[in-house]
Amino acid sequence: MDFKPTVLGSLMLIAVSVVNADDGQKIYTQGGALPAATACFACHGADGMGMPAAGFPRLAGLSAGYLSKQLADFRSGSRVSPVMQPLAKALSESEIQAVTSTLAAMPAPTTPHVTRNTTPTEPGAGLALRGAWDRQIPECVMCHGPGGVGVGTAFPPLAGQSANYLVGQLNAWRDGTRHNDPNDLMGHIAKSLTPDEIKAVADYFATLGSQEAKP
Ligand code: HEC
Ligand code: HEC
């Protein structure tokens with residue numbers, strides 16, 4: 001009786017091809033299989049650059065590893081967002097895999113290369129390039145890369161995000177609604193910054209995202 005295993009085998013093959021059929025582009029522009037997984041482009045923009053005025057972040061060119069971690073964090077509640085939490089819960093694992101690889105492959109904005117030797121001319125640049133070591137605040141570029149372009153799967157880009165969004169995230173770490181950072185690196189940093197410093201450093205990285213950046 002080798003009939004059953006064969007049927008099971010073909011069912012599994014069908015299941016696998018259904019999973020592989022998930023199309024990241026389609027999820028981005030039309031949404032996932034469940035109605036609550038609404039189309040991403042409506043908020044994150046057709047080009048994945050986000051909507052600065054509304055505080056919707058850029059997703060284009062971010063690593064798939066970082067993006068899928070954030071979706072998992074929205075699901076678990078370690079990152080609170082009334083908008084993204086139900087949406088992330090409505091996506092299947094394979095849909096998350098598909099849409100995050102599509103996003104990672106979308107072109108990132110061009111940002112100028114700022115070396116760490118650049119002399120900061122204002123407080124935002126000072127924090128970004130030098131930190132405030134007297135208060136145990138490392139320079140942002142140490143982890144987020146030169147010019148805040150992002151490094152690997154763990155450290156997201158800051159350049160090319162709006163000041164609005166960056167301020168929102170730093171405040172979320174301060175008030176604990178975002179506590180998804182395993183070693184609490186960002187929690188410590190955000191709590192050590194003053195509101196003026198948060199504004200200044202967010203403006204610095206947001207300006208780098210536009211072509212006319214100053215050092
Ligand atoms: C109704 C608007 C809306 C829709 C639709 C939407 N998002 Fe979002 N998304 C947001 C907002 C707002 C945030 C910022 C949440 C916060 O404040 O932490 C966000 C944040 C994110 C982040 C975190 C980015 C980062 O830099 O950490 C990811 C990843 C993400 N969205 C993926 C998606 C995907 C994938 C879809 C489609 C399946 C989608 N979003 C649809 C509004 C939306
Ligand atoms: C020691 C390493 C480290 C340093 C230094 C650092 N960060 Fe981060 N930062 C991280 C990590 C790791 C994450 C991603 C956490 C996660 O998984 O959500 C992050 C995420 C962020 C985010 C969220 C980005 C997004 O897309 O949602 C912002 C904003 C941010 N950092 C700002 C800063 C600023 C401003 C500084 C300098 C004052 C700084 N960081 C310094 C490690 C660091």
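Quick one: which residue in Arg58, Arg79 is at pLDDT 95 or above, open to solvent by less than 30 Å² (accessible area, probe 1.4 Å) and in contact with an Asp or Glu (Cβ under 7 Å, 6 or more places away or on another chain)?
Criteria check complete, one pass: Arg79.
Regarding Asp73, is this residue within 14 Å of ligand 2 (Cβ to nearest atom) and acidic (Asp, Glu)? Before you say what the answer is, go through the steps one by one.
Numbers: within 14 Å of ligand 2 (Cβ to nearest atom): yes; acidic (Asp, Glu): yes.
The answer is yes for Asp73.
Quick one: is Gly77 under 17 Å from the mean Cα position of the chain (by Cα), within 7 Å of ligand 1 (Cβ to nearest atom) and over 24 Å from Gly152 (Cβ atoms)?
In short, no.
Restricting attention to region 23-52, which residues are within 16 Å of ligand 2 (Cβ to nearest atom) and either among the hydrophobic types (A, V, I, L, M, F, W, C) or under 17 Å from Ser101 (Cβ atoms) (or both)?
Across region 23-52, the qualifying residues are Cys40, Cys43, His44, Gly48, Met49, Met51.
Looking only at region 180-195, filter to residues that are touching a residue at least 40 places away in the same chain (Cβ under 8 Å) and surrounded by fewer than 17 Cβ atoms within 10 Å (Cβ to Cβ); which one of those is nearest to ligand 1 (Cβ to nearest atom)?
Result: Leu185.
Determine the pairs where a residue that is outside the structural domain of Leu67 (by TED's automatic domain parsing), located within region 34-53, has a partner that is within 9 Å of ligand 1 (Cβ to nearest atom) with Cβ atoms under 7 Å apart, the partner being 6 or more residues away or on another chain.
Taking only residues 6 or more apart or on different chains, not a single pair turns up.
The values are calculated or read from the model by the stated rules, or taken from the named source; none is laboratory data. This one's a predicted model, so the numbers in the text were calculated from it and none came from an experiment. Every residue, glycine among them, receives a Cβ derived from its backbone with ideal geometry; neighbour counts consider all protein chains shown. The protein model used for the area step is the full one, side chains on, heavy atoms only, and it has no ligands, DNA or RNA in it. Shrake-Rupley method; radii C 1.70, N 1.55, O 1.52, S 1.80 Å.
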